[in-house]
Amino acid sequence: MRAIAFPKLANYDVPVLYLLSHVTNYKIIKPIINLNTTELGSKYSPDFVCAPFKYTLGSLINGLDKGADILMQFGGGCRYGYYASLQEEILKDLGYKFKMYNLVTAGHTDLKRMYRIIKEIEPNIKLRKLIRYGIISIMMVKYMDIIDDYIRENIGFECEKGSFIKLKKKMLNDFSKCKGLFHLRRLYRKYKRDFKKIKVDKPKDYIKVGLIGELYTLMEDNANYCVEYELAKHGIAIKRFTNVTYLLLKKRKLVKNYLKKMKNIKYKLGADALDNVYHTEYLCKQGYDGIVHIKSSFCTPEIGAMPLINKVAKEYDVPVIFFSFDTNTSKVGVETRIEAFVDMLKMKKEM
Amino acid sequence: MKKCYLGVDIGSISTKGVVIDCDNNIIAKEYIWTEGNPVGAVKKLVGILKSQVSSDYALKGIGTTGSARKLIGLMLGTDVVKNEITAHAVGTTSLYPSVRTILEIGGQDSKIILLNNGIITDYAMNTLCAAGTGAFLSSQAKRIGVDINEFGDMALNSDNPVKIAARCTVFAESDLIHKAQSGYEIKDIVAGLCRSIVLNYLNNVGKGKKIKGPIIFQGGVSKNKGVVKYFKEVLGEDIIVDENSHLMGALGIAIISKKYESDKVYSFDVSDISFITKGHECSGCSNNCEVLKIYKNGEMIDAWGNRCSRGVNS
């Protein structure tokens, strides 16, 4: 039996697995990232490539080792768009036999192209079936993102440690078994209620921090040493804009607005750089206490955005902390910087 | 019985400790090399400090900071474990309340802290790269055969520092070799190195930060007069280097530990505690967490790195 593998990104493997397992007859391999895959990924990657390349490559190698012969990659608006081709070459040099498809090329989600690719993989596919499960998967992503936003704002204040994560795991498990759109919506409403029921102890004047940066590192916990939870641990509400709903459904429209609203910027700056500068201003205006900017090292669009972010934040006197991640394994440095950042925000707030 | 408080700052290169009394006066201080063995270094350090403190003091608080703070906090049995940025700021402002900028260069990391009225308003710390830190200086000192303690004085003698790439230590080192091989005098190379540390720091960590006086320079590298000279030259401002500039972190954490004072009385006797850390990779699930277990006198007292309870029990 043939099998499909795709790289891991946060919890989005749940909807992708759901879609692929319903519209194709292949075995779908659940992607993972762990110390082993990271090590493999770094070993076969060029040195100065950004960390998402290494994580996804490791994730794909793991898939190939488990018997996959079809690989899927999802390109991006920066040089990530070329990663599928480069990874294909690297993996072929390693002696693997497979076919690689890049579903999103150069940052464009072309539905017709996607359909052609899926048709090539599974020639007998019915368009109706694909649309049905496609919509369910997209709704699943949307629901997951709404719930995640709620978790991010409240997890720092949970009374019983771990209750949010536990419920989220249960939710994802139920989502992966949903029987249709209505069932999914029922599940979503049920879990939304359940999440609201979790006891949180929010003080009146709590600290709010905005999280911006490069998309893969922002979304994948393994790539950012769980910065979100590290921050939340200190009793902080977190706001993050970047998620798949934003990137797939909202971004294209919004970016045009951003360009109009930002007087100093005349170009899109590549990938999510413009969005991040805009969000910096938004967060400052909304009275957020601090901004955390995360990127993988050598991420060119974000390097271009950083001075602008600094400038905007300085105007509003909001501190920004920048993190550059590569595939190193020690979390201590991150903890130190976060702790100091939070100490600073608390001192400022007390003033 | 008078009260005293112990602050320990365990860095990658050196371990610093101070004992203060109720009025933040330093009554004992010591500075030794960590040599890759934080537990051993702290045992030695606390032993030395004990001999400096007269017996009519009772130890009422302990605080730890620095990169091994968590481990040493466990070992010394204290909960006051704080990051070095806060500790440095607290320590420095206790001596210089009006300070606006703290430049800090240590063994493996460098940071800049901006303050206003004693409150940290902004800070930056080097990420990823250890360029422009003490480790680079000491390795280069070894390469050209100069004792690190003479480094600063040597640099002061030079009128013509060589230009060395100020971005990346790899490039800096190859620059350095070329300059040495083309016959530059050692003192000019040493001065060039000190200057490159300053430029590197300002390019990397100090980037985009408004550096206002009074400026205090601390951390191990602040003992290097050459680096101080070039900081003054490049920034065009006076730089204050306290005689205890290398102890500020330890002083800060000792002051912080005072705030957390309880009835508990601590002891200086740690030399006979056996303290072992064992690391292993948990194979409970696909996460493969790297779990660190800490044993005190043969008994496991904590485990780090595990995302669930499986890692501890395996």
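Let's see how each residue does on (1) part of a helix (DSSP H, G or I); (2) in the same structural domain as A:Phe323 (by TED's automatic domain parsing); (3) not hydroxyl-bearing (Ser, Thr, Tyr):
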| position | (1), (2), (3) |
| --- | --- |
| A:Lys190 | yes, no, yes |
| A:Asp194 | yes, no, yes |
| A:Lys208 | no, yes, yes |
| A:Leu218 | yes, yes, yes |
| A:Glu230 | yes, yes, yes |
| A:Leu249 | yes, yes, yes |
Number of the condition not met by A:Ile146 [criteria: (1) at pLDDT 90 or above; (2) under 29 Å from A:Leu211 (Cβ atoms); (3) crowded, with 17+ Cβ neighbours inside 10 Å]: (3)
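Just wondering, is there one or more residues in the range A:296-303 that are touching a strand residue (DSSP E or B) at 6+ places or on another chain (Cβ under 6 Å) and within 12 Å of chain B (Cβ to nearest Cβ)?
Yes: one or more hits.
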Looking at B:Val270, B:Val234, which is the one that is over 26 Å from A:Tyr225 (Cα atoms) and outside the structural domain of B:Asn200 (by TED's automatic domain parsing)? B:Val270
Index of the failed condition, B:Asp9 passing every other in (1) modelled with pLDDT of 90 or more; (2) not in a strand (DSSP E or B): (2)
Say we look at the range A:329-351 and pick out the residues that are without any contact (Cβ under 8 Å) to a residue 12 or more places away in the chain, at the interface with chain B (Cβ under 8 Å from one of its Cβ atoms) and within 29 Å of A:Lys54 (Cα to Cα); which of these is surrounded by the most Cβ atoms within 10 Å (Cβ to Cβ)? A:Thr336
Within the range B:242-293, which residues are of a type in the set (Ser, Thr, Tyr) and over 30 Å from A:Thr38 (Cα atoms)? B:Ser245, B:Ser257, B:Tyr260, B:Ser262, B:Tyr266, B:Ser267, B:Ser271, B:Ser274
Tell me, yes or no, whether the range B:208-218 has at least one residue that is crowded, with 21+ Cβ neighbours inside 10 Å and not hydrophobic (A, V, I, L, M, F, W, C). yes
If you go through B:Ile10, B:Ile72, B:Ile102, the only one that is farther than 18 Å from B:Thr133 by Cβ, in contact (Cβ under 8 Å) with a residue 60 or more places away in the chain and within 14 Å of chain A (Cβ to nearest Cβ) is B:Ile72
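Results for (1) free of Cβ contacts under 8 Å to residues at least 24 places away in the same chain; (2) outside any strand (DSSP E or B); (3) acidic (Asp, Glu); (4) surrounded by 22 or more Cβ atoms within 10 Å (Cβ to Cβ), shown as yes or no for each residue.
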| position | (1), (2), (3), (4) |
| --- | --- |
| B:Asn24 | no, yes, no, no |
| B:Ala28 | no, no, no, no |
| B:Gly40 | yes, yes, no, no |
| B:Val46 | no, yes, no, yes |
| B:Lys50 | no, yes, no, no |
| B:Gly61 | no, no, no, yes |
Consider A:Lys92 against the criteria (1) outside any helix (DSSP H, G or I); (2) over 24 Å from A:Val244 (Cβ atoms): it satisfies all of them except one. Which criterion is unmet? (1)
Could you list all residues from the range B:81-99 that are within 13 Å of chain A (Cβ to nearest Cβ) and either in contact (Cβ under 8 Å) with a residue 60 or more places away in the chain or in a helix (DSSP H, G or I) (or both)? B:Lys82, B:Glu84, B:Ile85, B:Thr86, B:Ala87, B:His88, B:Ala89, B:Val90, B:Thr93
For A:Gly290, which of the numbered conditions (1) in contact with a Ser or Thr (Cβ under 7 Å, 6 or more places away or on another chain); (2) surrounded by 21 or more Cβ atoms within 10 Å (Cβ to Cβ); (3) over 30 Å from A:Pro7 (Cβ atoms) fails to hold? (1)
When only residues in the range B:280-291 that are without any contact (Cβ under 8 Å) to a residue 24 or more places away in the chain and within 11 Å of chain A (Cβ to nearest Cβ) count, which is nearest to the chain's Cα centre (by Cα)? B:Glu290
Just checking, does the range A:248-262 include any residue being surrounded by 19 or more Cβ atoms within 10 Å (Cβ to Cβ) and of a type in the set (S, T, N, Q)? no
Which one is nearest to A:Lys199 (Cα to Cα) among residues in the range A:154-163 that are at pLDDT below 90 and not hydrophobic (A, V, I, L, M, F, W, C)? A:Glu158
It is to be established whether one or more residues within the range B:5-13 are of a type in the set (D, E, K, R) and farther than 25 Å from A:Lys346 by Cβ. no
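Go through the range A:308-328 residue by residue and tally those that are assigned to a helix (DSSP H, G or I) and either within 20 Å of the chain's Cα centre (by Cα) or more than 7 Å from chain B (Cβ to nearest Cβ) (or both).
Going through the range A:308-328 one residue at a time, the tally reaches 8.
Residue-by-condition table, conditions (1) surrounded by fewer than 21 Cβ atoms within 10 Å (Cβ to Cβ); (2) in contact with a Cys (Cβ under 9 Å, 6 or more places away or on another chain); (3) under 13 Å from B:Thr133 (Cα atoms):
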| site | (1), (2), (3) |
| --- | --- |
| B:Asn160 | yes, no, no |
| B:Cys168 | yes, yes, yes |
| B:Leu176 | no, no, no |
| B:Val190 | no, no, no |
| B:Cys194 | no, no, yes |
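The values are calculated or read from the model by the stated rules, or taken from the named source; none is laboratory data. Bear in mind the structure is a predicted one, so any value in this text is a computation, not a measurement. Note that we place each Cβ from the backbone using ideal geometry, even for glycine, and neighbour counts take in every protein chain shown.
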